[in-house]
Amino acid sequence: CKESGKNEEHVVEDTDNKFSHPPLVTDRYTADPSAHVFEGKIYIYPSHDLPSEVPQDDWGSHFDMQDYRVYSMEGPDGPVTDHGRILHVDDIPWAKRQLWAPDAAEKNGKYYLYFPAKDEQDLFKIGVAVADRPEGPFVPQPEPIAGTYSIDPAVFTDDNGEYYLYWGGIWGGQLQKWKDETYTSVGDQPTDGEPDPEQPALAPKIARLSEDMLSLAETPKDVILLNNDGSAIKAGDHDKRFFEAAWVHKHNGTYYFSYSTGDTHYIAYGTGDNPYGPFTYQGVILNPVQGWTNHHSITEFEGQWYLFYHDTELSGETHLRNIKMAPLEHLPDGTIKTIDSMQQ
Ligand code: FUB
């Protein structure tokens, strides 16, 4: 993610507008909500935003989060229960700083928290921590997951019992610095290492998870996003290209890959017929919110689908966010009705 260099045209800053949905948590700053239904309840695994002493820069260093907490709801009308801290950066042997957007998965009664953090070399890697309960406590593995890098892990569980890890984020998320699974220090700026505008955009990554959920079962592959004429979405197409915040859900047999477009601030999506893609661009799920980052998850609870997202209603500060939720509607033609975080 990145704070400066905003595309002003797309950033919602008119606070005279009324917000469409209330914050779910008001006593702390929370962001990047990954929601799942575990044991019949909605569990939300967000980032925990903190006021930062770290100066703002284009790498997002001021997103200086140090721990994770977990929240649950018996149903969409709440109330929201705060289960407290589930993991702190000081408890993760390999991690130095910046616990960014996490996700969680359940398998055979165990719970797995996947999270990005910077290591001693200041490279983002993805770690995993294990618990017996959805609310933790989570015990981190001693090393990051071999073969991972960059940010924003998301786990999709397919109907056949396979689990897939998606990840990646450009600019502050460092994806543009990795070529052929190797870190290449291309220039000093977050945008250095991006393809030319006419080239295909950088692709997020996917790998099937191992039986024990602790490692990758295969070499990571690119998740390809296509225009509806079958051409690759180009790096210069900032309204459509992948930036960060991958998420996958399945509805009526169709796989929906959704993501943030970063500097144009949309949650966009494409559809495909398998977890690897390619995914064909379909449109926008969530229009730009107040604040630079836009990050979401989508889950079904008792037959109704919900979008979880964040904005900055409580603080007005881009790095101090608050999580929200909204009903999400799949239309009869398989597209998703666009959601606005501000009343129109
Ligand atoms: O919360 C830190 C970063 O901001 C996340 O990892 C990105 O997706 C963006 O929301």
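Remarks
- Residue 255 vs. criteria outside any loop (DSSP other than H, G, I, E, B) and touching a Ser or Thr at 6+ places or on another chain (Cβ under 6 Å): no
- For segment 327-342, taking the residues that are within 20 Å of the chain's Cα centre (by Cα) and among the aliphatic types (A, V, I, L, M), the one that is farthest from residue 307 (Cα to Cα) is identified as 336.
- Cross-chain or 6+ apart pairs with Cβ under 8 Å, segment 322-341 first and more than 23 Å from residue 49 (Cβ to Cβ), then of a type in the set (Phe, Trp, Tyr): 327/305; 327/306; 328/305; 328/306; 329/305; 330/305; 336/256; 336/269
- Residue list for segment 112-124, filter: within 14 Å of the ligand (Cβ to nearest atom) and more than 22 Å from residue 247 (Cβ to Cβ): 118
- Residue match in segment 153-163 (condition: within 16 Å of the ligand (Cβ to nearest atom) and hydrophobic (A, V, I, L, M, F, W, C)): yes
- Selection of segment 236-252 for residues being of a type in the set (D, E, K, R), assigned to a strand (DSSP E or B) and away from the ligand (no atom under 16 Å from the Cβ) yields only 250.
- Index of the failed condition, residue 267 passing every other in (1) over 15 Å from the mean Cα position of the chain (by Cα); (2) without any contact (Cβ under 8 Å) to a residue 60 or more places away in the chain: (1)
- In segment 175-217, the residues that are touching a Pro at 6+ places or on another chain (Cβ under 8 Å) and within 16 Å of the ligand (Cβ to nearest atom): 175, 176, 202, 205
- Residue satisfying all of: in segment 17-57; away from the ligand (no atom under 13 Å from the Cβ) and acidic (Asp, Glu); farthest from residue 132 (Cα to Cα) among these: 57
- Of all residues in segment 135-145, those satisfying the criterion of being at pLDDT 95 or above, in a loop (DSSP other than H, G, I, E, B) and more than 19 Å from the chain's Cα centre (by Cα) are 135, 136, 138, 141, 142, 143.
- When 325, 342 are checked against the criterion of being more than 25 Å from residue 100 (Cα to Cα) and either modelled with pLDDT under 95 or of a type in the set (A, V, I, L, M) (or both), 342 stands alone in meeting it.
- Count of residues meeting criterion [at pLDDT below 55, over 22 Å from the mean Cα position of the chain (by Cα) and not polar (S, T, N, Q)] in segment 1-34: 4
- Annotation: of all residues in segment 258-285 being within 16 Å of the ligand (Cβ to nearest atom) and in a strand (DSSP E or B), the one that is farthest from residue 223 (Cα to Cα) is 285.
- In the set 84, 109, 78, 127, only one residue is modelled with pLDDT under 95 and either away from the ligand (no atom under 14 Å from the Cβ) or not polar (S, T, N, Q) (or both); that residue is 78.
The values are calculated or read from the model by the stated rules, or taken from the named source; none is laboratory data. Because the structure is a prediction, the values reported are computed rather than measured. For neighbour counting, all protein chains shown are included, and Cβ atoms are generated from backbone atoms with ideal geometry for every residue, glycine included.
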